[in-house]
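Heads up, the thing below is written out as C-alpha cells.
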C-alpha cells in the first residue's frame, strides 16, 4: 500500500491550512462554507483529500473543520442538491439520537436534538426519524412551515452554532435507511 500523498492531495492540505488562517474564528457557518467553496475546498477530487482538508482546518479552526465535514456529508447524502454541493446552501445534521421525531406521509413531527451547524433559514438539516417500524434519514429545510429552532449555547467549538429543532408536521424528504 502506497501512503504517499499525490500532488493534488498535498495542495488540498496546503490550501486548507491557508484557508484556516484566513477565515476569522467567529465567522458564521454560511461564510465558512462559502469561503471554502470559493477556495475549491468543498469537493476535492478524492476522499483522502477531503479528509486532509478537514484535518488541516481542524488544527487552527476546529469549529470550521466540523462545519466543513458536516457540509460535505450532507451534500453526499442529498443527491441532486446543487446548492449544497456549491456551498450556496448550508448543510446541518441532528447530532443526537435522543427522542427521535416521527415521519408519516412526508411530514415530520417531534424534536431533533443538537442540530448543527445552524445559520440562516435557508439551511437543510438531516434528521433521523422513526418511519413506522424503521429508522429513516430525512432532509428538512429550516425554512419549512412547522420548523422552530431553539438556539443553544455550547461550551466547546466556538462558532459552531447548534440548536434543538421542534418539528410540527414540517415537510421532509425521506432519504432512506441511515445504515447500509
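Taking other Cβ atoms within 10 Å as a rough exposure proxy, 138, 162 sort from fewest to most as 162, 138. Using a simple spin-label model with pseudo-atoms 7 Å out from Cα toward Cβ, residue 177 and residue 26 lie 4.7 nm apart. Expressed to the nearest 5 percent, the antiparallel share of DSSP beta bridges inside segment 84-139 is 75 percent. Can you tell me the orientation of helix 62-77 relative to the chain, as the angle in degrees between its alpha-carbon axis and the longest Cα principal axis, to the nearest 10? Relative to the chain, helix 62-77 is tipped by roughly 60 degrees.
Estimated translational diffusion coefficient (Stokes-Einstein, Kirkwood radius over Cα pairs, 10 °C, 1.306 mPa s) of segment 1-102: 113 µm² per second.
When only alpha carbons are used to place a centre, segment 142-180 and segment 99-130 end up 4 Å from one another. One chain, two ends: residue 166 and residue 104. Fully extended at 0.36 nm per residue, the span grows by 20.7 nm beyond their Cα-Cα distance. Extension gain for residue 96-residue 143 works out to 14.8 nm (0.36 nm per residue, less the C-alpha to C-alpha distance). Between 0 and 90 degrees, the angle of helix 47-60 with respect to the longest Cα principal axis of the chain falls at about 80 degrees. Compared with the dominant principal axis of the Cα atoms in the chain, helix 7-22 is inclined by about 70°. Only helical runs count toward this figure. For the chain, summing -39,500 (n - 2.57) over DSSP H runs of n ≥ 4 and dividing by all residues gives -10500 deg cm²/dmol at 222 nm. Expressed as a fraction of 2.2 N^0.38 Å, the value expected for a compact globular protein of N residues, the C-alpha radius of gyration of the chain is 1.05.
How much length is gained on full extension from residue 18 to residue 156, taking 0.36 nm per residue of separation minus their Cα-Cα distance?
Length gained between residue 18 and residue 156: 47.4 nm.
Bear in mind that the values in this text are calculations on the coordinates, not laboratory data. Note that this is a predicted model, so its numbers are computed, not measured. FYI the Cβ positions are ideal-geometry reconstructions off the backbone, even for glycines, and counts take in every protein chain you see.
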